[in-house]
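Participant: Provided herewith is a single structure, encoded as structure tokens, for subsequent inquiry.
The values are calculated or read from the model by the stated rules, or taken from the named source; none is laboratory data. Here the structure is a predicted model, which is why all the values come from computation and not from measurement. Quick reminder, even Gly has a Cβ in these numbers, built from the backbone with ideal geometry, and neighbours come from all protein chains shown.
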Amino acid sequence: MSFQISGLPVAPFTALFGLSDAQLAQHAAVRHTADKRPGFPCRVSLRDAEPGETLLLLNYEHLALASPYRSRYAIYVREYAEEWRPEINEVPVCLRTRLLSVRGFDNAGMLKEADVVSGQEVEQLFESMFHRPEIAFLHVHNAKPGCFAARVDRV
């Protein structure tokens, strides 16, 4: 079964790019400089920042549906990131190299299934979850810190 991984659109973040640290603080955001790779995955470009690159650490509502699972958490966005969309069935390196938590939701935002998997084996879990017709989309999180990484849809 084919799938499409999507990062976040850049538009909600562009107004924050270039702001001073004091201005970012007014948005509950902070600027951070990557000091290693991997370690700072951008949710827009779906790649890890290079050492020396600046990112914004901010709170983002990744599941905005009116359900008990409505959720927001901290994410990184590379400052001046450009959107990137993987090919169908392509898993970005920033997901491949991590332990992932995958959560399957129905259209009402209700959790129907969840599991943890190595990024090296994530395709099998996507396929298994998408075989359940009630699962409309998947959210992938980095399992250890718990932050949202990407959305996955059936194709």
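Participant: Among the residues of the stretch 116-124, is there at least one that is surrounded by fewer than 16 Cβ atoms within 10 Å (Cβ to Cβ) and of a type in the set (Gly, Ala, Ser)? Please lay out each step first, then the result.
Facilitator: In the first step, residues of the stretch 116-124 are kept if they are surrounded by fewer than 16 Cβ atoms within 10 Å (Cβ to Cβ); the result is 116, 118, 120-121, 123-124.
Retained after the next criterion (residues that are of a type in the set (Gly, Ala, Ser)): 118.
Yes, the stretch 116-124 contains at least one residue that is surrounded by fewer than 16 Cβ atoms within 10 Å (Cβ to Cβ) and of a type in the set (Gly, Ala, Ser).
Participant: Considering the stretch 135-155 alone, what residues qualify as being more than 16 Å from residue 3 (Cα to Cα) and assigned to a loop (DSSP other than H, G, I, E, B)? Step through it out loud before you land on a result.
Facilitator: Just the residues of the stretch 135-155 that are more than 16 Å from residue 3 (Cα to Cα), to begin with: 141-148.
Matches in the stretch 135-155: 143, 144, 145, 146, 147.
Participant: Residue 61 is checked against (1) within 25 Å of residue 38 (Cα to Cα); (2) modelled with pLDDT of 95 or more; (3) surrounded by 13 or more Cβ atoms within 10 Å (Cβ to Cβ) and fails just one. What number does that condition carry?
Facilitator: For residue 61, the exception is condition (3).
Participant: In the stretch 1-13, what residues are in contact (Cβ under 8 Å) with a residue 12 or more places away in the chain and out of contact with any strand residue (DSSP E or B) (no Cβ under 9 Å at 6 or more places or on another chain)?
Facilitator: Listed by number, the list holds a single entry, 9.
Participant: In the stretch 98-131, how many are in a loop (DSSP other than H, G, I, E, B) and in contact with an Asp or Glu (Cβ under 7 Å, 6 or more places away or on another chain)? First the steps, then the outcome.
Facilitator: Quick first cut of the stretch 98-131, residues in a loop (DSSP other than H, G, I, E, B) only: 98, 106-110, 131.
Applying the additional criterion that residues be in contact with an Asp or Glu (Cβ under 7 Å, 6 or more places away or on another chain) yields 106.
Qualifying residue count, the stretch 98-131: 1.
Participant: Could you identify the single residue in 24, 16 that is in a loop (DSSP other than H, G, I, E, B) and touching a strand residue (DSSP E or B) at 6+ places or on another chain (Cβ under 8 Å)? Can you show your working first?
Facilitator: Values: 24 fails: in a loop (DSSP other than H, G, I, E, B).
Being in a loop (DSSP other than H, G, I, E, B) and touching a strand residue (DSSP E or B) at 6+ places or on another chain (Cβ under 8 Å) holds for just one of 24, 16, which is 16.
Participant: Can you pull out the residues in the stretch 45-67 that are out of contact with any Phe, Trp or Tyr (no Cβ under 7 Å at 6 or more places or on another chain), hydrophobic (A, V, I, L, M, F, W, C) and in a loop (DSSP other than H, G, I, E, B)?
Facilitator: Within the stretch 45-67, 64, 65, 66 qualify.
Participant: For the stretch 81-97, which residues satisfy the criterion of being touching a Ser or Thr at 6+ places or on another chain (Cβ under 6 Å) and of a type in the set (A, V, I, L, M)?
Facilitator: Those that are touching a Ser or Thr at 6+ places or on another chain (Cβ under 6 Å) and of a type in the set (A, V, I, L, M): 81, 88.
Participant: Quick one: which residue in 132, 37 is free of Cβ contacts under 8 Å to residues at least 60 places away in the same chain, under 22 Å from residue 1 (Cα atoms) and surrounded by fewer than 17 Cβ atoms within 10 Å (Cβ to Cβ)? Steps first, please.
Facilitator: On the way: 37 fails: under 22 Å from residue 1 (Cα atoms).
Only one candidate passes the filter, namely 132.
Participant: Still on this structure, I have one more. For the stretch 74-97, name all the residues that are surrounded by 13 or more Cβ atoms within 10 Å (Cβ to Cβ) and either part of a strand (DSSP E or B) or without any contact (Cβ under 8 Å) to a residue 60 or more places away in the chain (or both).
Facilitator: Scanning the stretch 74-97 gives 74, 75, 76, 77, 78, 93, 94, 96, 97.
Participant: How about the stretch 17-49: which of its residues are at pLDDT 95 or above, within 18 Å of the chain's Cα centre (by Cα) and either among the small types (Gly, Ala, Ser) or more than 19 Å from residue 147 (Cα to Cα) (or both)?
Facilitator: Listed by number, the residues that qualify are 29, 34, 45, 49.
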